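Below is one structure; the comments refer to it alone.
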Amino acid sequence: MFGPHDLGGKQGLGPIDPESESTEPVFHAQWEQRVFALTLATGMLGRWNIDESRFARERQHPVDYLQNSYYENWLAGLQTLLVEKGLISHEELGSRQGAAETVDDSLRVPDEATAAKLLRGGGPTLLPAEQEPAFAQGARVRVLKRYTSGHSRAPGYAQGAVGSIARQWGSHIFPDANAAGSRRGEHLYSVRFSAASLWGEAEDVDVFIDLWEPYLELA
Amino acid sequence: MSHDHDHTDPPADIALRVKALESLLVEKGLVNPAALDAIIETYEHRVGPRNGARVVARAWTDPEFKAALLEDASAAVAELGYEGRQGEHLQVVENTPELHNLVVCTLCSCYPWTVLGLPPVWYKSAPYRARAVSEPHSVLAEFGTHLPASTRIQVWDSTSEMRYLVLPMRPAGAEDFDEEALQSLVTRNAMIGVEQVSMPGRG
C-alpha cells in the first residue's frame, strides 16, 4: 500500500539531526527496551511472520505513523497483532487487567535458552520459486505500478521507473503473499536505477533497490 | 526550566501502557520474563557495531578474508562468530576512490543486526529514509562528509531481507596499524556509509 512508511523521496521532513555515535544509547528509555523484547518474544510464538509484523505497523493512520516515535510504532503493531491473532482480547488491552491464562496447548512459549537459540539461528528467507528467473543480468526492467491495499516492498518512488538487473539474489519468500498468510518463493533482484530515471534532473548517483520478480516487467 | 505538571505527558503515559501490556502478557503465560531479559542483554551488550569493526579491520589486513567477505559475507562473518537474526543474507559493498556506498531502508529500518546491532534513531527517522535515495549529497553533508566530485555514490535501498554492510576505505596514515588499532578507527556510521574512516584527530 502507498502508506506513510513509504518515505523514499518525500520532501519537507526537515534535517536528520543525528545524535552523536559515541553517546547514543541502544535504547532511549526503559519502555523502548520492553517493547523491543516483547515484540521479538511474541514473534517467537510463531503466530505471525515478519511481513505481517511490518504490515501491522504500516497500516496505522498515516498521521499516527508519522507522529509516533519508532518504538511507538512497534507497540501499535504489536497490539494489533496480539488482538487480531486472538492472543489477547480487545477488552483486556483496554482494561489492562489480566484475564484468564491463555489455554492453548499448541503455544510454545520460548524460555531464555530457546530465545537465545532462535536469535542466533535467525530466519533465512530463501525458498524455491516455481519457475526459472525471468530476467537475466543486465536486462532492462520497468517497475510496475501497483495499487494494492496489501503489504508490498516495491517502494512508490521506483514505480514506473526503468532500471537494469544488477544482481540475482536467488529466490526468497515473497513478502506480499507472506503478509497475507501465504508462503511462496519468488526471484529477487538487485535493480540499478540512475537517479535521473527516478527523479528527473538529479545528482549523478545510482540507486540499487531489491525487487521481487512480480514487481517487474521487461522494458 | 519551569515545572511541568501536565499529567498526560506522553512519555510517562507510554511507559505505563507498556508496563501494563507486559504484565498482561506475563500473566497470560504468553511471554517468559527470562526470555525478555535474554533478548535485551543480547542487543544491549553482545551484538553491536564492534562486531562490524572487527570484520572491517580483518578485511583490511587479510586479503583472503576480504575476498571471502565480498563473495559470501554471511559465511565469512559467521566464521568470526557473527550470525543470526537480521544477518541471514549479508552483502558487503566496498568503497573505493571512485565509488562511495550508502545504505538506507526507505520502507522501515532493515539493518544488518549481526554486525552493527540495532540501528540508531537517525537511521530509522523519516528525513533520512526520505532523502538518502533522492539527495544523498545533502545527507552526507549533514554528517560532515564531503566527497570529491570524481566519486560516484551508490545508494542501497534494502527493501528485502538482504542486508548491506559498507566496507570503508582504510585511511591514509594507517598503514602501520595492526588489526586491533584499525578496529578502533572504524565507526558505525562509516559502515552505514554516512561517513568515511578518518585518522584520530583529523575527524
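The values are calculated or read from the model by the stated rules, or taken from the named source; none is laboratory data. These numbers were taken from a predicted model, which means no experiment stands behind them. Here Cβ is always computed from backbone atoms with ideal geometry, including for glycine, and neighbour counts include all displayed protein chains.
For the range B:150-170, how many residues are closer than 22 Å to residue A:172 by Cα and assigned to a loop (DSSP other than H, G, I, E, B)?
The total comes to 4.
Within the range B:81-95, is there a residue that is out of contact with any Cys (no Cβ under 9 Å at 6 or more places or on another chain) and without any contact (Cβ under 8 Å) to a residue 12 or more places away in the chain?
Just the residues of the range B:81-95 that are out of contact with any Cys (no Cβ under 9 Å at 6 or more places or on another chain), to begin with: B:81-85, B:87-95.
Still in the list and also without any contact (Cβ under 8 Å) to a residue 12 or more places away in the chain: B:81.
Yes, the range B:81-95 contains at least one residue that is out of contact with any Cys (no Cβ under 9 Å at 6 or more places or on another chain) and without any contact (Cβ under 8 Å) to a residue 12 or more places away in the chain.
Return yes or no: is residue B:112 more than 10 Å from chain A (Cβ to nearest Cβ), at pLDDT 95 or above and within 30 Å of residue A:187 (Cβ to Cβ)?
Working: more than 10 Å from chain A (Cβ to nearest Cβ): yes; at pLDDT 95 or above: yes; within 30 Å of residue A:187 (Cβ to Cβ): yes.
Answer is yes for this residue.
Can you tell me which residue within the range B:123-134, out of those that are within 16 Å of residue A:206 (Cα to Cα) and more than 7 Å from chain A (Cβ to nearest Cβ), is surrounded by the fewest Cβ atoms within 10 Å (Cβ to Cβ)?
The extreme case among them is B:131.
Quick check on residue A:77: is it more than 7 Å from chain B (Cβ to nearest Cβ), surrounded by 18 or more Cβ atoms within 10 Å (Cβ to Cβ), of a type in the set (Gly, Ala, Ser) and within 23 Å of residue A:180 (Cβ to Cβ)? Break it down into steps so the answer makes sense when it comes.
Working: more than 7 Å from chain B (Cβ to nearest Cβ): yes; surrounded by 18 or more Cβ atoms within 10 Å (Cβ to Cβ): yes; of a type in the set (Gly, Ala, Ser): yes; within 23 Å of residue A:180 (Cβ to Cβ): yes.
Here the answer is yes, as residue A:77 does meet what is asked.
Take the conditions of a type outside the set (A, V, I, L, M, F, W, C), facing chain B (nearest Cβ under 9 Å) and either farther than 26 Å from residue A:109 by Cα or surrounded by 16 or more Cβ atoms within 10 Å (Cβ to Cβ) (or both) and apply them to residue A:58. Does it pass? Show your work before the answer.
Numbers: of a type outside the set (A, V, I, L, M, F, W, C): yes; facing chain B (nearest Cβ under 9 Å): yes; either farther than 26 Å from residue A:109 by Cα or surrounded by 16 or more Cβ atoms within 10 Å (Cβ to Cβ) (or both): yes.
Criteria met by residue A:58.
Quick check on residue B:170: is it in contact with a strand residue (DSSP E or B) (Cβ under 9 Å, 6 or more places away or on another chain), surrounded by 16 or more Cβ atoms within 10 Å (Cβ to Cβ) and among the basic types (Lys, Arg)?
Judged against the criteria, residue B:170 is not a match.
Out of everything in the range B:140-154 that is facing chain A (nearest Cβ under 7 Å) and within 18 Å of the chain's Cα centre (by Cα), what residue ends up being surrounded by the most Cβ atoms within 10 Å (Cβ to Cβ)?
Result: B:154.
Return a yes/no flag: does the range B:58-80 have any residue that is under 23 Å from residue A:72 (Cβ atoms) and without any contact (Cβ under 8 Å) to a residue 60 or more places away in the chain. Break it down stepwise before answering.
Our first condition is that a residue be under 23 Å from residue A:72 (Cβ atoms); within the range B:58-80, this holds for none.
No.
Would you check if residue B:102 is part of a strand (DSSP E or B) and touching a residue at least 40 places away in the same chain (Cβ under 8 Å)? If you could, list the steps in order and put the result at the bottom.
Numbers: part of a strand (DSSP E or B): yes; touching a residue at least 40 places away in the same chain (Cβ under 8 Å): yes.
Spelling it out, residue B:102 is indeed part of a strand (DSSP E or B) and touching a residue at least 40 places away in the same chain (Cβ under 8 Å).
Of the numbered conditions (1) in contact (Cβ under 8 Å) with a residue 24 or more places away in the chain; (2) part of a loop (DSSP other than H, G, I, E, B); (3) under 21 Å from residue B:50 (Cα atoms), residue B:184 satisfies every one except a single condition; which is it?
(2)
May I ask you to list the residues in the range B:105-149 that are small (Gly, Ala, Ser) and either touching a residue at least 60 places away in the same chain (Cβ under 8 Å) or part of a loop (DSSP other than H, G, I, E, B) (or both)?
Quick first cut of the range B:105-149, residues small (Gly, Ala, Ser) only: B:109, B:117, B:125-126, B:130, B:132, B:134, B:138, B:141, B:144, B:149.
Correct list: B:109, B:117, B:125, B:132, B:134, B:144, B:149.
Name the residue, out of B:26, B:31, B:55, that is buried (at least 19 other Cβ atoms within 10 Å of the Cβ), within 12 Å of chain A (Cβ to nearest Cβ) and either more than 22 Å from the chain's Cα centre (by Cα) or of a type outside the set (D, E, K, R) (or both). Explain how you work it out, then say what you get.
On the way: B:26 fails: buried (at least 19 other Cβ atoms within 10 Å of the Cβ); B:55 fails: within 12 Å of chain A (Cβ to nearest Cβ).
Going through B:26, B:31, B:55 in turn, just one is buried (at least 19 other Cβ atoms within 10 Å of the Cβ), within 12 Å of chain A (Cβ to nearest Cβ) and either more than 22 Å from the chain's Cα centre (by Cα) or of a type outside the set (D, E, K, R) (or both): B:31.
How many residues, within the range B:155-203, are among the basic types (Lys, Arg), away from chain A (no Cβ under 14 Å) and closer than 28 Å to residue A:192 by Cα? Before the answer, list the steps.
Taking the range B:155-203 as the starting set, the residues that turn out to be among the basic types (Lys, Arg) are B:163, B:170, B:188, B:202.
If we keep only those that are away from chain A (no Cβ under 14 Å) as well, we get B:170, B:202.
After this cut, where a residue has to be closer than 28 Å to residue A:192 by Cα as well, the list is B:170.
Going through the range B:155-203 one residue at a time, the tally reaches 1.
Out of A:187, A:172, I need the residue that is surrounded by 15 or more Cβ atoms within 10 Å (Cβ to Cβ), in contact with a helix residue (DSSP H, G or I) (Cβ under 7 Å, 6 or more places away or on another chain), at pLDDT 95 or above and outside any loop (DSSP other than H, G, I, E, B). Which one? Steps first, please.
Working: A:172 fails: in contact with a helix residue (DSSP H, G or I) (Cβ under 7 Å, 6 or more places away or on another chain).
Exactly one of A:187, A:172 is surrounded by 15 or more Cβ atoms within 10 Å (Cβ to Cβ), in contact with a helix residue (DSSP H, G or I) (Cβ under 7 Å, 6 or more places away or on another chain), at pLDDT 95 or above and outside any loop (DSSP other than H, G, I, E, B), namely A:187.
Residues of the range A:37-54 being within 7 Å of chain B (Cβ to nearest Cβ) and free of Cβ contacts under 8 Å to residues at least 60 places away in the same chain, which ones?
Within the range A:37-54, A:37, A:38, A:42 meet the criteria.
Name the residue that is nearest to the other protein chains (Cβ to nearest Cβ), counting only residues in the range A:198-210 that are buried (at least 18 other Cβ atoms within 10 Å of the Cβ) and not in a strand (DSSP E or B).
Per the criteria, the residue is A:199.
So which residues in the range A:163-177 are of a type in the set (Ser, Thr, Tyr) and touching a residue at least 40 places away in the same chain (Cβ under 8 Å)? Spell out the reasoning first.
Restricting attention to the range A:163-177, the residues satisfying the condition of being of a type in the set (Ser, Thr, Tyr) are A:164, A:171.
The one that is of a type in the set (Ser, Thr, Tyr) and touching a residue at least 40 places away in the same chain (Cβ under 8 Å): A:171.
Of the residues A:114, A:125, only one is within 28 Å of residue B:154 (Cα to Cα) and surrounded by 13 or more Cβ atoms within 10 Å (Cβ to Cβ); which? Before the answer, list the steps.
On the way: A:114 fails: within 28 Å of residue B:154 (Cα to Cα).
That would be A:125, the only listed residue that is within 28 Å of residue B:154 (Cα to Cα) and surrounded by 13 or more Cβ atoms within 10 Å (Cβ to Cβ).
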